[in-house]
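Notes for the one structure printed next.
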Amino acid sequence: MSDVLEQVEARLLTALGEPDARAAVTFLGTDRIEVLRFLDDSGDGDVVRYATLGMSAQPMTDPAAALADPVRGPRAELLLSARAGRADTDKVLRTLAVFAASPQVEGVVVAPGASLDLVEPLWPGAPFTSVLVAESGGLVADLELPAPMDPVRFLPLLPMTPNEAAWKRVHGAGALEKRWLTYGTDLRDPLRGGVPLD
């Protein structure tokens, strides 16, 4: 387990640089989850990126499976990007830890196209209460592990307003992502309004 997390952390540091902060959260009956914060000031405006570390220590198990396989099964860590300085997004650390612990706590498999719902704002004053899990391979490349272990996928989280989340449940993740693209939605803007849905 520790060897997997060492490799995961090395992959994050290679892709995102040195973290400028980190926090650890432990929920009753779960492994420790860390959240690392990285500041990217290389592009058009500063972007702060948050990455979980600890979710991939164990493979996720299909809740319908009779027994949990300690080796095989999907592994993932979560990524969230936001434009820096526009909102108190650092309060999202606990939220990310909750999402990262959900496979252990609730027995869910977090995969692209899924929604993770907090019911309350992702951070104080946020217009978002849930996230859409996007495809891996963009910001941080998947980490191959020795067979028979599955690779660790680094899954971006895209914040959704309650209306977007409801629309996604009816029309699907692909339709919502297409709508965001059509309207040129800045998904890293922590104060953005919802995309038109009519």
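Brief remarks on what is shown
- Within the range 109-127, being assigned to a loop (DSSP other than H, G, I, E, B) and either open to solvent by 50 Å² or more (accessible area, probe 1.4 Å) or in contact (Cβ under 8 Å) with a residue 60 or more places away in the chain (or both) holds for VAL109, PRO112, GLY113, VAL119, GLU120, PRO121, TRP123, PRO124, GLY125, ALA126, PRO127.
- Restricting attention to the range 149-198 and to residues that are of a type in the set (S, T, N, Q) and under 16 Å from ALA82 (Cβ atoms), the residue that is most open to solvent (accessible area, probe 1.4 Å) turns out to be THR185.
- Residue check, GLY138 in a loop (DSSP other than H, G, I, E, B), of a type outside the set (Phe, Trp, Tyr) and open to solvent by 30 Å² or more (accessible area, probe 1.4 Å): yes
- PRO146 surrounded by fewer than 13 Cβ atoms within 10 Å (Cβ to Cβ) and either farther than 22 Å from ASP90 by Cβ or out of contact with any Pro (no Cβ under 6 Å at 6 or more places or on another chain) (or both): yes
- One residue alone among VAL133, VAL98 is touching a residue at least 12 places away in the same chain (Cβ under 8 Å) and open to solvent by less than 30 Å² (accessible area, probe 1.4 Å), and that residue is VAL133.
- Selection status of LEU79, touching a residue at least 24 places away in the same chain (Cβ under 8 Å) and either over 25 Å from GLY29 (Cα atoms) or open to solvent by 50 Å² or more (accessible area, probe 1.4 Å) (or both): no
The values are calculated or read from the model by the stated rules, or taken from the named source; none is laboratory data. Because the structure is predicted, anything quoted here is derived from the model rather than measured. Here the Cβ is made from the backbone with ideal geometry for all residues, glycine too, and neighbour counts use every protein chain on show. Each accessible area value is taken on the protein alone, full model and side chains, heavy atoms only, with ligands, DNA and RNA left out. Shrake-Rupley method; radii C 1.70, N 1.55, O 1.52, S 1.80 Å.
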